[in-house]
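What follows is a short report on a single structure.
No lab work stands behind these numbers, since they all come straight from the coordinates. The structure displayed is predicted, hence computed values, not measured ones. Every residue, glycine as well, gets a Cβ built from its backbone with ideal geometry; the counts of neighbours run over all protein chains shown.
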Amino acid sequence: MKKKNDNRRKIISVCLFSAVAAVLFFVAAVICFSDLSEHPFGDEKITAEATVGEADKTESNTSKNNTEETTAEKVTEHITETSRINEETGRIIVNPEQELWNLVVVNMGREMPSGYKPELAEILSTGIYMDKRVVPFYEQMYLDAKKDGIILTPYSGYRSYERQERNYKNLTETYMSDYGLSRKEAAKKAAMVILPPGTSEHNLGLAMDICNTKDSFAFTEEYKWLTENAHKYGFILRYTEEKIDITGIVDEPWHWRYVGTEYAEDIKNSGLCLEEYLQMKGIDF
Ligand SMILES: [Zn+2]
């Protein structure tokens, strides 16, 4: 009887030992595989961090926890590339370097990243610049209009983010000191005169204000020519009276935005503003 009990105990011990060993083996395998599965994200991290500099890289290597956190953040950023939010301004941060760069929309709800600067080129030795990819189209439009006796004088093209920021800050501070407004109130008032940095199409280098010595551009020959021909060169009239509710910008007959020859005519004929058109087309802008 005792021997039988001893045998049973032995069998139970062996079973227990085997069970514990199996569990330990399973745990080890999970740890091992989960480590391997992080490698693709690790690669992503390296790519993402390559753009933020050596200092960030060193910092993230000092603690494993920090590295994991940074990795997760970078991956999330990568996935939601076109729908990131600027916590300070509450605006969506757009990606001006996406494939359809010519259709990127900035407005009071959408801004470009603060560090973005397009590659620029000068228009016909005027000292006025636009995105390098747009310049040939503006120049061709200028030359063709000239043949018709129309001079499309470029007045304001690319404006740097920094300049926009400086002007916006100065006006905000003026409103604070002159009217005793809070910073928030003053900033809101300033935004009605100067667009906050990164929300102007001029910061993207994709828009041109075309001037004329006469007061009202909407009644000039230049404006008439543009409404009939600008789409052939990829430009559209961006801000009209009837779309103020959507664009947030008053009627600006002088402001012409490049969207590309592939889209300009269709947008013009649709009667929609750029925001509406892209939404209708289901284009992620
Ligand atoms: Zn403008």
message: Given axes a ≥ b ≥ c from the Cα gyration tensor, I'd like to know whether region 193-265 is rounded (a/c under 1.5), prolate (a/b larger than b/c) or oblate.
response: oblate
field: Across Lys132/Lys224; Lys232/Lys268; Lys117/Lys184, pairs whose alpha-carbon gap is larger than 21 Å
entry: Lys132/Lys224; Lys117/Lys184
Region 110-176-region 198-248 distance, computed between alpha-carbon centres (Å): 12 Å
task: For Lys147 paired with Glu221, estimate the spin-label separation in nm (one decimal), with each label point 7 Å from Cα along the Cα-to-Cβ line.
output: 1.7 nm
message: Neighbour counts of other C-beta atoms within 10 Å: give me Thr240, Thr220 arranged from fewest to most.
response: Thr240, Thr220
query: Among Leu237, Leu100, what is the fewest-to-most ranking by other Cβ atoms within 10 Å?
result: Leu100, Leu237
- line: Listing Met176, Met141, Met192 by rising number of other beta-carbon atoms within 10 angstrom, fewest first, gives Met192, Met176, Met141
query: Taking the Cα-to-Cβ direction at Glu162 and at Ser114 and moving 7 Å from each Cα, how far apart do the two end points lie in nm?
result: 1.3 nm
